[in-house]
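Here is the structure we will look at.
Only the coordinates and a few stated rules stand behind these numbers; no lab work does. The structure displayed is predicted, hence computed values, not measured ones. Because the Cβ atoms are built from the backbone with ideal geometry, glycine has one as well, and the counts that use them run over all protein chains shown.
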Amino acid sequence: MELAGPPPRADPGPVCDRLTVRQREVLALLLTGLSNAEIADRLVVSVSTVKCHVRAILRAGGAVNRAEAIARLSRSVAPRRYDNVL
């Protein structure tokens with residue numbers, strides 16, 4: 001017997017390929033452990049804007065919360081790809 005739940009998502013490619021450049025920047029900072037407020041300060045945007053980007057990242061990564069997104073996406077992001085943001 002299987003439990004009902006959402007169907008598995010088809011993986012059309014790496015998560016980063018489905019993110020905008022700005023979302024990738026937010027992801028890189030998110031993976032370093034920065035809070036939304038710290039990310040907003042670093043990127044000179046509002047906290048609300050960061051929250052919108054984080055929601056998009058969660059959706060793209062199939063995660064339900066920030067911790068799950070970090071766990072899933074830290075394995076799929078090249079560690080030095082976005083160093084210019086840090």
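A few notes on this one:
- Taken together, A63, A28, A40 contain a single residue that is more than 12 Å from the chain's Cα centre (by Cα), crowded, with 17+ Cβ neighbours inside 10 Å and either within 21 Å of P14 (Cβ to Cβ) or not basic (K, R) (or both), which is A40.
- Pairing residues of segment 53-77 that are among the small types (G, A, S) with residues that are not in a helix (DSSP H, G or I), at Cβ distances under 6 Å and at least 6 apart in sequence or on separate chains, gives A60/L19; G62/R9; A69/A63; S76/P14.
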